[in-house]
Amino acid sequence: MKRWTIMVYMAGDNNLSEDMVAELKGMQASMGVKDCDRNVNLVAVYDSGYFTVDTTIYRFTSSGAKKPLASCELRNSRTSVGSNSESPRLKDFVQMVANRPELNAEKYALIISGHSDGVMSKTMLRDNHPETIITLSHLGKTLKEAANSLGKNRKFDLLGFDSCLMGMLEVGYELRNAAEVMVASQGLTPAAGWPYNLVLQPLISCCGRMTALEFASSIVSQFSEYSKEFSVGGRSVNINASDLSGAEGVKKAIDGLGKFLAHVLDWQVSEGKEVSEEQAANFSVVRERILDLIHSTHYNSQTFMQEQAVDIRDFSEALESRCEQMKSEITTLTGGQFSAAAMLLWDVFSTIQHHCVKISAAADEYVVANCFSGPEYQFSKGVSVFFPWSYLAFNLIFNQYNELQFNRHGAWWKTFIERYTKHTVRPSVGAKFEVDTNFLSWVRTREERTIIDPGKLDAARQWTGRQWSGRQWTGKQWSGKGDMEEFYKLFGRFRNFPVLHDPVGCNE
């Protein structure tokens, strides 16, 4: 039995179709080491965007490294994974590999190449003929079933995403039962994808004598080393490797912070409870200071996904540091003679620091390797989490986000997001909001559904050039959550990235 079987699933029935041919050539070239196929299998399924080309499975060997690409096609394999009118079925591809004795191995890696968008499930593995996508929750179920075809209760030893925005904690948590180690990017991945002739070369050169963690770390370093040459042209990328057994630890730590912050933001005078005016004022002071603290820290943290996700390690470290600074300011301003409000603030800052330290420790266990090149991701530290700037952004993604396992096994981070974005909504005047045809601004009331004038609705539709989807018109109200139609349009970059300090960096 061979040491490794590497499976590459290429969802190319879209604008990535031509780039993926270059990736296939890179895989073919990587097998140029003499007799390397005695220890390593390399198999890829490719779904072309060209309507006359059937879905094809390639098997790359050392003897075929310099032959035409067509000669590497695995015979009698097309019908098992779909045709040119059907997307290749990921589970069937893995099943086909498992059923061929010559492709069996001690360890299995699955690399998924194509469009993806983290928790949004708007473009993941997009197929143009017919137009289809897959949600993150469905991907998790599919990968678990696919891994089981390799053996009962089996996991992929390595799961790689040659695609965008999959280095999120919610993704790792969703897939933790399908794979041991995951390689992904927190930010965007170039359309050209991974340079497979380079990222696979270390494993192939050593005849497969690598653990999953070693293989993952080598992919990270090879991709980063290759990408740094492109930073002079403005390209920014990052990539990280994660030990998925640590996903639950990071989630627990983040939920701890989310639970405490949500509690602080909900401090208020309870009905039927006698609270002095001073106590009520203290609650209000603390809540406003914490809102300002979160907002300023978020603003200065590394962000992804149209600014709606944050590097949780960068955020927590900045938050911990800022809390220490504010505690020092309290001591200086009061001369050590703390008022009730100052003492309450001090305790809140200390508790936040405690949770931030836990997040950093858990992230250390989760992130195996992390590298970046270019200025936009220079503060990336290996794992991001959904953290929108507005209540509108939260609502647009609500349905997709709510169905994730991340929010079924305790949902304190989601609870914090909802309460924080509600608290930061600017109070509106009256019960209506205006649709500005130059910007399409939505000004919501805090608790009630928004009312809109039908005439304004027509103007908004003309401005966007499309019909609204995901929400139903009921008299004078929008109903429901989860409207993804305008997410990308509404939320572009809204702030400048910091000045470049170091064009390349790694933390292994």
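Each reported figure results from applying straightforward, stated rules to the coordinates on display, with no laboratory input. Just so we're clear, the structure is a prediction, and the values are computed from it rather than from any experiment. Cβ atoms come from the backbone with ideal geometry, glycine included; neighbour counts cover every protein chain shown.
Around the amide H of residue 369, modelled in the peptide plane, lie the amide H atoms of 241, all under 5 Å away and 5 or more residues distant in sequence or on another chain.
Here are some pairs, 25/141; 25/107; 251/422; 67/144; which of them have Cα atoms lying more than 28 Å apart in this structure? Going by Cα-Cα distance, 25/141; 67/144 fall outside the 28 Å limit. The phi torsions of region 290-303, fed into the Karplus equation with coefficients 6.51, -1.76 and 1.60 and a -60° offset, translate into couplings of 5, 4, 5, 5, 4, 5, 5, 5, 4, 4, 9, 9, 5, 10 Hz, rounded to whole numbers, with Gly and Pro shown as x.
Under a Cβ-Cβ cut-off of 13 Å, what is the net charge of the residues other than residue 311 that fall near it, where Lys and Arg count +1 and Asp and Glu count -1?
Numbers: positive: 313, 381; negative: 307, 314, 317, 376.
That works out to -2.
Per-peptide packing, taken as the mean over residues of other Cβ atoms within 10 Å, places 243-251, 114-122 in the sequence 114-122, 243-251 from highest down.
Label point of residue 66 set 7 angstrom out along Cα-Cβ; within region 1-45, amide nitrogens under 12 Å from it belong to 32-34. With contacts taken as Cα pairs under 8 Å at a separation of at least 6 residues, region 111-161 carries a relative contact order of 30 percent.
Shown in residue order for region 156-163 are the 3J(HN,Hα) couplings computed by the Karplus curve 6.51 cos²θ - 1.76 cosθ + 1.60 at θ = phi - 60°: 5, 5, 9, 10, x, 10, 8, 6 Hz (x for Gly and Pro). With an 8 Å Cα cut-off and a minimum separation of 6 or more residues, compute the relative contact order for region 106-218 in percent. Over region 106-218, the number comes to 25 percent. More than 16 angstrom separation, counting every C-alpha pair in region 100-171; what % is that? The calculated P(r) of region 100-171 puts 54 percent of pairs beyond 16 Å. Around the amide H of residue 8, modelled in the peptide plane, lie the amide H atoms of 43, 44, 45, 111, all under 5 Å away and 5 or more residues distant in sequence or on another chain. Converting phi to 3J(HN,Hα) with the Karplus coefficients 6.51, -1.76 and 1.60 and the offset θ = phi - 60°, region 316-330 yields 5, 5, 5, 5, 4, 5, 5, 4, 5, 4, 6, 5, 5, 5, 4 Hz in sequence order, with x at every glycine or proline.
Considering only alpha-carbon pairs that sit under 8 angstrom and 6 or more positions apart, the relative contact order computed for region 2-235 is 22 percent. Each Lys or Arg adds one and each Asp or Glu takes one away; over the other residues whose Cβ falls under 14 Å from the Cβ of residue 18, this sums to -3. Neighbours of residue 9, meaning other residues whose beta-carbon lies under 13 angstrom from its beta-carbon, give a summed charge of -4 when Lys and Arg score +1 and Asp and Glu score -1. Database remark: amide H of residue 200 closer than 5 angstrom to no amide H (H placed geometrically; neighbours at sequence offset of 5 or more, or on other chains; Pro and chain starts carry no H). Computed from the C-beta positions of residue 288 and residue 22, the FRET efficiency with R₀ = 51 Å rounds to 0.40. The trypsin sites (Lys or Arg not before Pro) of region 129-176 that meet both conditions, a loop assignment by DSSP and at most 16 other Cβ atoms within 10 Å of the site Cβ, are 152, 154. Pairs with C-alpha atoms separated by more than 29 Å, drawn from the list 2/252; 91/414; 122/358; 155/252, are 2/252; 91/414; 122/358.
Relative to the globular-protein estimate of 2.2 N^0.38 Å, the Cα radius of gyration of region 120-232 stands at 1.14.
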